[in-house]
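Here's the structure, in structure tokens; my notes come after.
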Amino acid sequence: MAKILIVGIGGFFGAILRYWIGGWAQNLSGSSSFPYGTLAVNLIGCLAIGLLSQLAEASQIMTPETRLFLFIGLLGAFTTIWKIGDSGANDSINQCSPKTDPAPTASPLP
């Protein structure tokens, strides 16, 4: 149960950081057609994961609980890739797909 709380607390802070930094980057870009905020947080988060995981492995200074908090909780919530579906990227993907009529479906409702 303690491990779940550690991850949850890290996720709480990671989500707040994502909201702040992503919003700041999006506002700074002045664009509403490309998700620059999502790009910024994912680049920052992936760089942080790479650097900190190398530091953790090379120096053995992080406890397992610190790794749970930092990598799975904080940075996991900060760099969630599912956010791309909420940022307009699906619209771009759908525009590149061939248009087809959906197959008719039977509905049990009148």
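The values are calculated or read from the model by the stated rules, or taken from the named source; none is laboratory data. What you are looking at is a predicted structure, and each value in this text was computed from that prediction instead of being measured. Every residue, glycine among them, receives a Cβ derived from its backbone with ideal geometry; neighbour counts consider all protein chains shown.
The criterion of at least 3 residues that are at pLDDT 90 or above and touching a Pro at 6+ places or on another chain (Cβ under 6 Å) is met by none of the helices (runs of 4 or more DSSP H) wholly inside the stretch 24-87.
The residue that is farthest from GLY76 (Cα to Cα), counting only those in the stretch 1-32 that are surrounded by 15 or more Cβ atoms within 10 Å (Cβ to Cβ) and among the aliphatic types (A, V, I, L, M), is ALA25. Going through (1) more than 17 Å from ALA77 (Cα to Cα); (2) surrounded by fewer than 12 Cβ atoms within 10 Å (Cβ to Cβ); (3) not charged (D, E, K, R) one by one, PRO35 falls short only on (2).
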